[in-house]
Amino acid sequence: MNQKVNKNIDKINATKAYINEIQDQIIDNQATKLFEYLKWIKLEGISPNKSDLFPTVLTGKGKQILLIHGFDSCFLEFRRLTPLLAKNNKLIIPDLYGFGFCPRSSGNKYGFKYLMKHLNSVLNYFSKNQPIGLIGASMGGALALELARRNPKKVNKLLLLSPAGLAGKNPKIPWPFNHLGAFFLSQPFVRRGLCRQAFADPTNSVGPAEEQIASLHLKVPGWQSSLADFAADGGVSDCGLPKPTQPLKIILGKYDRIIPKNEKNEINRSYNSNIEIATNSGHLPHLEEPKLVAEAWEKFKI
């Protein structure tokens, strides 16, 4: 076994050790529960390192739903929605490639192309002969649209939660500014500010538990470099059209302060008839109004 492979295995083991270390320190009980369903699955053709395993929460029974989290987040984003949907559905919640608790092996590259390669592999791994529903939050909404367009027979319906990246074109951030940006994003006061900005009523909705979860994955080996590579690639943008052929619903938070106004306007122009407003939410209806989101999914017949 060569030195590079050894280093990659060390990173995976370090990530698993870190997860084991923090579980007893997590304040939010629903987040703690999700860790109990965390599995490490092998996906072919994703990482140059053949030993990489990918973190995915698997829980519930019934029709399958693939839940896709947002930018610089992890599977814990769905902690409040999971217990509501898992009663009647089998939930598949991966950490996106290069995000959350995913391994960042040496030689890996990050960006939109690699995110889609990973999601396609997850879809192929679980779909078999059974179509899967998609729920995508924030950037995960844009990724869900692209995944549905590429897999019209494997995806049967979509629910997008305050989708981001549907309009506009992100610039590619060159070195060293991409690394400076990632470093800035790691600062506690920045994390705290972004966390508060994402909720409709931060005074009552954001406390130590929310702030802790928003930053848990920052200590995963390779977090800053993968985020910098993602920024250098241009991130995720301009994914709104063409519309997928599958049935689709969008839930927008009335008090969303994350999605730019021009992007909101474009979403309304393209998907007006598909939109429902979550009147007590900001950018995170699945955290602020999980019951509304779960009911919208269950009522979403095809």
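Every number here is computed from the coordinates shown, using simple stated rules; none is lab data. Note that this is a predicted model, so its numbers are computed, not measured. Counting neighbours? That spans all protein chains shown, and the Cβs are built from the backbone with ideal geometry, glycine included.
The helix-based estimate of mean residue ellipticity at 222 nm for the chain, built from -39,500 (n - 2.57) per DSSP H run of four or more residues and divided by its residue count, is -12000 deg cm²/dmol to the nearest 500.
Using 0.36 nm per residue, how much length does the chain from LYS113 to LEU58 gain when fully extended, once their Cα-Cα distance is taken away?
Residue separation times 0.36 nm, minus the Cα-Cα distance, leaves 17.3 nm.
What does the C-alpha gyration tensor say about the overall shape of region 3-298? Classify as rounded when a/c is under 1.5, otherwise prolate if a/b is larger than b/c, or oblate. It is rounded, given that a/c, with a ≥ b ≥ c, falls under 1.5. With contacts taken as Cα pairs under 8 Å at a separation of at least 6 residues, region 3-298 carries a relative contact order of 20 percent. Annotation for region 179-201 versus region 40-114: alpha-carbon center distance of 22 Å. In this calculation the C-beta distance from ASP24 to LYS301 is compared with R0 = 35 Å, giving a FRET efficiency of 0.25. With a/c under 1.5 counting as rounded, go ahead and sort region 26-68 into rounded, prolate or oblate using the C-alpha gyration tensor (a ≥ b ≥ c being the square roots of the eigenvalues; past the cut-off, prolate if a/b is larger than b/c, else oblate). Because a/c hits 1.5 or more and a/b fails to exceed b/c, region 26-68 counts as oblate.
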